[in-house]
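A short write-up of the structure that comes next.
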Amino acid sequence: MNIAIYTLASELHDEQAVAAITQEFLAGLQLDFDCRGNDYSDYGSYPLSLIYVQTGGTEGVFRKMFAALQETGHHPFYLLTSGKSNSLAASMEILSYLRKSGIDGEILHGSNEYINKRIRMLERVSIARDKLRGCRLGIIGEPSDWLISSDVDRMAVQSRLGIELVDIPMTELLEEIQSAPLKMPGELSANPQIVGALPGANQIYMALKSMVEKCHLQGFTLRCFDLLPAVRNTGCLALAKLNAEGIVAGCEGDIPALLSMMVAKSLVGVSGFQANPARIDPETGEILLAHCTIPFNMVDSYELDTHFESGIGVGIRGFMKEGPVTIFKLSGDLARCFAEEGVLVRNQSQPDLCRTQQVIQLSDKSRISYFLTNPIGNHHIVLPGHWKVLLEEMIR
C-alpha cells in the first residue's frame, strides 16, 4: 500500500457522527489506502501520508503533534478535508500555521473526483521521490569545459532529492576500458568505418557497465569527449544501451542534465533524450534538438553513424515515434525547472548536425522565448508523452 490516511478530530464532536461521516467520505474517494486512525507512530513511512482533518477545533491538537511530525522529515503536509464539521476552516488555519513555520503543504478539498485525481497524482510523485532517495549517481571525469553555467548544489541535491553524487576520475574508466574484452556487439552496420569502430564502442559499454556495478551506481554522466583522444572512440553506443537497460546515462559530464534524466526516469519510466537546441523559430514555436545518442528503448528504429563533431567512433541516429513529447530541464540548484509540452512533428537526418535530430512544435509557442532569454544551460531532455504537470509537481 502506498497511501496512509491519519485522522485528526476534536473531542468536542460526537464520535459516532464523526465516524459515520469519515466512512462515507473515504469510501467515496475510491482509493486504496491504509487508514491509520489517530496513531501517528509510523507517520512518514508510506510514500504518501495524508492527514484527514475530520472536524474543526483540531488546530491545537495539530500544533502539539507538529514537532514530532516535523522530525520525520516527511514534507509537504497534505490535509484532506470533507468540508463538514468545520474541517475546512480548521485545515486553513493549520496550513497557515505550516506556512508561517516555513513548511509547505496543501489542502485536498473539492469533489470526490477532483480529490481522487489529485491524490493519484501525489501518489505517483511520492513513489518517484522514494525511488530517488539513496540513489548514487557517478560523475565520471569532470563536467565538460564548455558547461560554464551547469554547476550543481550538491547539498540541495542530497537534501531535496536524496541523491548522492559520486566523483569518479576518468583514469578509472580508461583502465576499465583497457581490461574489457574487445569483441563485436550485436549492433550491425554496412559502413566499414562503423564496423571497425564497433568493438571499441562495445568495450566502452562493458567498461561503463562494470563501473556501475563496482561503484553501486543507478546512473552517471560521462565526460565523453575525453574518450576521443584517449581511445579514438565514443560513448554514444554505450549510453544508448545503458539507458535502455535502466541505467541513467548522460553526456558531457552535465550534472543538471543527469539529474533531469534521473527525475524523469523515476516518474515516467524512461530517462529521456539529452539534446541541445540547434535551431529555433521564435515566430512559430518550433525547435530542432539534436545529439549523437538516444536511448534505444525510446526509438522505433535507429542507424549507426560516426560521431558528428569528430567523425570517428559510433554515433546513433534514432527515429522516435512522432506525437506528444515534453521538453524538461532542472537547474543544478533545484531552484527552477523548465517543462513544456509539444509534438514531435518529424525526425530528420541533416548531415551538418548531431545524428539524432528532432523537430518539435511547442504547444504554447510563446514559451519558445525561454530558450532565447532565460535558458537553463544548453542541454534539455525530451520525453515521449505529456508530463508537464507531473514534472512540475515532482520538483516543487
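The values are calculated or read from the model by the stated rules, or taken from the named source; none is laboratory data. Bear in mind that the values here come from a model prediction, so they are computed numbers and not experimental data. No Cβ is skipped: glycine too gets one built from the backbone with ideal geometry, and neighbour counts run over all protein chains shown.
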Lone unmet requirement of (1) modelled with pLDDT under 95; (2) surrounded by 13 or more Cβ atoms within 10 Å (Cβ to Cβ); (3) in a loop (DSSP other than H, G, I, E, B); (4) not acidic (D, E) for P181:
(2)
Between I376, I312, I327, I368, which is under 22 Å from P256 (Cα atoms), out of contact with any His (no Cβ under 7 Å at 6 or more places or on another chain) and not in a helix (DSSP H, G or I)?
I376
Might you let me know whether the stretch 79-88 holds any residue that is buried (at least 19 other Cβ atoms within 10 Å of the Cβ), in a strand (DSSP E or B) and at pLDDT 95 or above?
yes
Across the stretch 162-178, what is the total count of residues that are more than 30 Å from I395 (Cα to Cα), surrounded by 14 or more Cβ atoms within 10 Å (Cβ to Cβ) and not acidic (D, E)?
4
Restricting to the stretch 345-360, name every residue that is within 30 Å of L198 (Cα to Cα), part of a strand (DSSP E or B) and of a type in the set (A, V, I, L, M, F, W, C).
V359
Select from the stretch 200-222 the residues that are surrounded by fewer than 22 Cβ atoms within 10 Å (Cβ to Cβ), touching a helix residue (DSSP H, G or I) at 6+ places or on another chain (Cβ under 8 Å) and touching a residue at least 40 places away in the same chain (Cβ under 8 Å) and list them in ascending order.
G200, M211, V212, L217, Q218
Confirm whether S331 is crowded, with 18+ Cβ neighbours inside 10 Å and among the hydroxyl-bearing types (S, T, Y).
yes
Do you know which residues across the stretch 300-332 are in contact with a Phe, Trp or Tyr (Cβ under 9 Å, 6 or more places away or on another chain) and within 17 Å of L353 (Cβ to Cβ)?
Y302, E303, E309, S310, G315, I316, R317, G318, F319, M320
Candidate set from the stretch 225-267 (those that are of a type outside the set (A, V, I, L, M, F, W, C) and either in a helix (DSSP H, G or I) or not assigned by TED's automatic domain parsing to the domain that holds N202 (or both)); member that is surrounded by the fewest Cβ atoms within 10 Å (Cβ to Cβ):
P229
Conditions (1) free of Cβ contacts under 8 Å to residues at least 60 places away in the same chain; (2) part of a loop (DSSP other than H, G, I, E, B); (3) closer than 21 Å to Q361 by Cβ -> T284 fails only (1)
Can you report the number of residues in the stretch 117-150 which are out of contact with any Pro (no Cβ under 8 Å at 6 or more places or on another chain) and assigned to a loop (DSSP other than H, G, I, E, B)?
11
Name the pairs: first residue in the stretch 20-42 and loosely packed, with under 13 Cβ neighbours inside 10 Å, second residue in a helix (DSSP H, G or I), Cβ to Cβ under 8 Å, at least 6 apart or on different chains?
Q30/N112; Q30/N116
Determine the pairs where a residue that is outside the structural domain of L242 (by TED's automatic domain parsing) and free of Cβ contacts under 8 Å to residues at least 40 places away in the same chain, located within the stretch 181-199, has a partner that is of a type outside the set (G, A, S) and surrounded by 15 or more Cβ atoms within 10 Å (Cβ to Cβ) with Cβ atoms under 8 Å apart, the partner being 6 or more residues away or on another chain.
none
The condition from (1) modelled with pLDDT of 95 or more; (2) part of a helix (DSSP H, G or I); (3) within 30 Å of the chain's Cα centre (by Cα); (4) among the aliphatic types (A, V, I, L, M) that I107 misses is numbered (2)
Read through the list (1) closer than 24 Å to A240 by Cα; (2) over 13 Å from the mean Cα position of the chain (by Cα); (3) in contact (Cβ under 8 Å) with a residue 40 or more places away in the chain, then give the number of the only condition that E322 fails.
(3)
Flag for F220 being under 30 Å from T373 (Cα atoms), of a type in the set (F, W, Y) and in a strand (DSSP E or B):
yes
Qualifying residues in the stretch 291-329 (those that are at positive phi and out of contact with any helix residue (DSSP H, G or I) (no Cβ under 8 Å at 6 or more places or on another chain)) - the one modelled with the lowest pLDDT:
G311
For the stretch 268-286, name all the residues that are crowded, with 24+ Cβ neighbours inside 10 Å and touching a Pro at 6+ places or on another chain (Cβ under 8 Å).
S271, G272, F273
Which condition number does E15 fail, the rest of (1) more than 28 Å from R396 (Cα to Cα); (2) within 37 Å of the chain's Cα centre (by Cα) being met?
(2)
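Pick from L383, L390, L330, L372: which is over 25 Å from V125 (Cα atoms) and not charged (D, E, K, R)?
Of the residues listed, the single one that is over 25 Å from V125 (Cα atoms) and not charged (D, E, K, R) is L372.
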